[in-house]
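Below is one structure, written out as structure tokens; the observations come after it.
Every number here is computed from the coordinates shown, using simple stated rules; none is lab data. Here the structure is a predicted model, which is why all the values come from computation and not from measurement. Virtual Cβ from ideal backbone geometry, glycine too; neighbours counted across all protein chains shown.
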Amino acid sequence: MPTYVHNGTAFQELTGTDQPFVNVAGTFQGVKNVYVYASGAWRTVYEYDITAPTIPTPTVVNATTSHTVSWTALSDNASGVVSATLYQRFVGSTSGNVAGSSYVLPSFGASSTSLSVPLNRRKQGAGESWSAYYYIVATDAAGNTGTGSNSASMATTPYDIVNPTIASLSAADTTGAYKTDSGMQRVTWGALADDNTGVASATLQRWFYDSNGTWQGADTYNIGGSLGGSYLDLSVPTNRRKQGSGVTWYAYYRVTVVDNAGNTATADAGGYQTAAYDVVAPTVPKPTVTSGGSSDTISWTAVTDDNTGVASATLYQAVHNVTANTYTNKYASVSIGTGGASNTTMSIPTGIRNSPTGDHYQVYYWISATDNAGNTVNGDENGQYSAFVNTKPLGTYVFNPTSANTRNIGDTAWLNPTTEGMVGYSTTRAYGCWFYGDNTIKNACKGWDANSGTIFVKRPASTDTNRGNTGTFYLMTHNLGSAGATGATFGGTVLEQYLSGDSGNASKALDATAISRLRSGDGQGFGLHSHSSAPGFLLGQRDNSGRITLVYN
């Protein structure tokens with residue numbers, strides 16, 4: 001029976017010396033199967049190797065300057081692997097696919113190797129990004145060659161994409177005299193550094209801009225020779241300084257540092273006001289005063305200056321001796337910083353407190369302020385001082401009545417008692433009053449309520465004709481400084497004082513209402529308003545009856 005081989009397309013009969021197999025170097029190299037017809041069927045007697053090796057996909061670990069590539073074992077189903085090579089490829093974000101190095105595998109089991117990554121295949125500065133992938137090409141003994149799958153893409157480590165560092169940047173106006181032409185600002189910067197490729201260049205720029213938002217072109221200064229940090233004193237032209245009511249000018253600074261990889265860092269510092277031509281003093285407010293007796297609380301709105309700003313401010317306490325008509329405009333003082341709106345307390349020494357026998361004193365307050373150009377204003381010289389305030393009296397004030405009188409029952413006339421000088425309340429007398437003179441008590445109080453007070457009252461003696469009855473005497477303040485054409489008007493609270501016996505007396509404490517009425521002048525003195533068991537009589541200008549005592553602490 002003839003023998004045939006099948007080359008994958010058609011059968012071919014073997015004759016003569018042909019053998020039922022195909023040698024690798026023979027005529028039929030590359031055919032897949034050799035078949036034999038036996039027992040009524042075609043049977044495979046030899047299968048030839050046309051399958052490439054099985055190639056693993058590499059895995060990659062990044063190690064900055066190299067990649068570690070690992071793989072599992074290679075295999076072949078027939079003739080066996082005879083050679084294998086690991087290939088490296090780079091992909092640039094703009095350059096595309098670029099060949100890298102290769103590595104010939106010395107054996108075909110699982111293994112690994114390290115392939116370097118050149119600097120030109122790593123991102124530098126603002127340059128393109130790079131990645132790499134790896135694959136294996138292997139050949140078996142039958143000459144079949146295969147290419148494995150690409151590894152996952154691994155980004156290469158960038159080379160110096162870190163910007164340089166600028167430690168600090170600041171400026172300060174160092175103009176010595178604001179009224180001169182010599183404007184100056186000192187610009188200071190800290191260390192300029194780069195940890196990778198090093199600093200290639202460093203510059204300082206300055207702009208000026210005004211309060212209207214108008215910017216002027218930049219001046220540029222090379223500071224590459226001062227990488228460790230330094231300063232420059234830069235002059236400020238007079239046309240870049242506020243003049244009078246003109247615009248305010250500011251300086252703006254920027255340091256730019258570039259490294260050798262092209263990375264750039266900047267630091268900005270702005271808002272540095274240039275010194276003005278300032279010849280105008282600050283504006284000071286009028287202080288307001290809240291009196292407290294032994295001390296005053298003084299409040300003020302902010303001291304202002306339109307040019308160089310307030311450098312210092314002082315609050316002064318001034319004293320006016322009304323009696324002598326003299327002024328001490330700097331009696332005491334306290335620093336109030338730069339004069340921001342605030343308040344403070346200043347003591348009132350006893351030496352300038354009003355007293356029963358001393359001079360009449362008033363205090364007032366004013367502010368002195370100096371701006372950064374040295375211009376000074378004194379509030380007491382331009383009317384910017386507080387109201388004059390009477391100092392609180394100190395001591396015991398005694399007011400004896402200058403006269404006393406009794407009003408008839410119809411309240412139409414004063415009875416002018418002369419024998420006893422009594423004030424009384426009876427069926428013929430409506431009330432009686434002590435008189436102290438017009439505003440005598442008010443003027444002594446200087447606008448201050450006393451801390452306490454009393455009125456001394458005394459019943460007539462046994463030798464007096466009109467003694468009246470024991471009982472409660474009702475006292476009130478009235479509105480008259482002396483007995484005039486009209487009767488008295490009583491006001492305030494009723495003070496009740498029980499007296500008994502001939503010459504019975506007492507000092508009746510005054511309540512707050514009575515004290516307040518005496519201070520304001522609404523109450524010019526006291527009177528006997530009524531009596532619990534008429535008739536009732538009190539001495540007028542005898543034995544101190546009717547004496548008012550006010551005590552100031």
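For region 387-534, the dipole from Cβ point charges (+1 on Lys and Arg, -1 on Asp and Glu) about the Cα centre works out to 220 debye, to the nearest 20. Of the labelled options [x] 36.0; [y] 28.9; [z] 27.8, which one gives Kirkwood radius over Cα pairs in Å as computed for this structure? Computed from the coordinates, Kirkwood radius over Cα pairs in Å corresponds to [x]. Phi angles of region 490-506 translate, via the Karplus equation with coefficients 6.51, -1.76, 1.60 and θ = phi - 60°, into HN-Hα couplings of 8, x, x, 7, 8, 9, 9, 9, 8, 10, 9, x, 4, 6, x, 8, 6 Hz per residue; Gly and Pro are given as x. Measuring between their Cα centroids, region 225-287 and region 390-457 lie 75 Å from each other. Summing +1 for each Lys or Arg and -1 for each Asp or Glu among the other residues whose beta-carbon sits under 13 angstrom from that of Gly262 gives -3. Compared with the alpha-carbon gap, the fully stretched path from Thr412 to Ser530 is longer by 40.8 nm at 0.36 nm per residue. With θ taken as phi - 60° and the Karplus curve 6.51 cos²θ - 1.76 cosθ + 1.60 applied, the whole-hertz 3J(HN,Hα) list for region 315-328 is 9, 10, 9, 10, 10, 10, 8, 5, 4, 8, 6, 10, 10, 10 Hz, x standing for glycine and proline.
The calculated FRET efficiency for Val162 paired with Thr113, based on their beta-carbon distance and R0 = 35 Å, is about 0.70. Each Lys and Arg adds +1 at its Cβ and each Asp and Glu adds -1 at its Cβ; summed about the Cα centre, the chain shows a dipole of about 2020 debye. Here the simple spin-label model places points 7 Å from the Cα toward Cβ, and for Thr145 and Ser294 these points are separated by 11.1 nm. With the simple spin-label model, which puts each label point 7 Å out from Cα in the Cβ direction, the Arg186 to Val104 separation comes to 7.1 nm. The H on the amide N of Gln124, modeled in the peptide plane, is under 5 Å from the matching H of Tyr159, each at least 5 residues off or on a different chain.
Take each peptide in 410-416, 399-405, count the other Cβ atoms within 10 Å of every residue, and average; sorted highest first, the result is 399-405, 410-416. In this structure, the amide hydrogen of Val199, modeled 1.01 Å from its nitrogen in the peptide plane, lies closer than 5 angstrom to those of Asp194, counting only residues at least 5 positions away or on a different chain.
Taking the Cβ of Thr203 as the center, what net charge do the other residues with Cβ under 12 Å away carry, scoring Lys and Arg +1 and Asp and Glu -1? That sum, taken over residues with Cβ under 12 Å, equals +1. When Val187, Val551 are arranged by Cβ crowding within 10 Å, least crowded first, meaning fewest neighbours, the order is Val551, Val187.
A crude spin-label estimate for the pair Asn212 and Ser333, with each label 7 Å from Cα along the Cβ direction, gives 4.1 nm. Taking 20 °C and 1.002 mPa s as conditions, region 397-552 diffuses translationally at an estimated 143 µm²/s according to Stokes-Einstein applied to its Kirkwood radius (Cα pairs). Stretching Thr345 away from Thr463 to a fully extended chain increases their span by 36.7 nm, per 0.36 nm per residue minus the current alpha-carbon distance.
Amide H contacts of Tyr272: Ala251, each under 5 Å away and 5 or more positions distant or on a separate chain (H built 1.01 Å from N in the peptide plane; Pro and chain starts excluded).
Could you give the alpha-carbon Rg of region 55-125 over 2.2 N^0.38 Å, rounded to two decimals?
1.29
The stretch between Asn505 and Asp438, if pulled fully straight at 0.36 nm per residue, gains 21.4 nm over its current Cα-Cα span. Between region 463-530 and region 74-101, the C-alpha centres lie 124 angstrom from each other.
For the pair Ser452 and Thr248, a Förster radius of 45 Å applied to the C-beta separation gives a FRET efficiency near 0.15, rounded to the nearest 0.05. Peptides 288-301, 362-375 ordered by packing proxy, namely the average of other Cβ atoms within 10 Å per residue, highest first: 362-375, 288-301.
Taking a sphere under 12 Å around the Cβ of Ala132 and counting the other residues whose Cβ falls inside, with K and R at +1 and D and E at -1, yields a net charge of +3.
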